[in-house]
Amino acid sequence: MNTIKASEFKAKCLQLMDEVAETGQPLVITKNGRPVAQLGPVVSRPATLAGAHRGKITIVGDILAPVDADWEAAR
């Protein structure tokens, strides 16, 4: 994780924000050598799990048809 002094951050704020957005790497801002804040990328998460994989999963074939395989159930 990269660190930067608060005075440098103040001078280069917009540039650093663009850099964090592009790389996804968070940036720790220090004041007098102590960490005081962290600038990180926004991570978007779905509100619910329903539909979270929409567009990422494809169904191949007929999922309702019986499987033509012989098998025995364990007792």
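No lab work stands behind these numbers, since they all come straight from the coordinates. Please read these numbers as outputs of a predicted model, since none were measured by experiment. So basically every Cβ, Gly included, is an ideal-geometry build from the backbone, and we count neighbours across all protein chains shown.
In the stretch 37-75, how many residues are farther than 30 Å from K10 by Cα and surrounded by 10 or more Cβ atoms within 10 Å (Cβ to Cβ)?
Total meeting the criteria: 2.
How many residues are in contact with a helix residue (DSSP H, G or I) (Cβ under 9 Å, 6 or more places away or on another chain), touching a residue at least 24 places away in the same chain (Cβ under 8 Å) and exposed (fewer than 14 other Cβ atoms within 10 Å of the Cβ) when one looks only at the stretch 16-36?
4
Does R34 meet the test of being within 20 Å of M1 (Cβ to Cβ) and among the basic types (K, R)?
So R34 passes the test.
Do we have any residue at all in the stretch 29-36 that's on the phi > 0 side of the Ramachandran plot and of a type outside the set (G, A, S)?
Taking every residue of the stretch 29-36 in turn, at least one turns out to be on the phi > 0 side of the Ramachandran plot and of a type outside the set (G, A, S).
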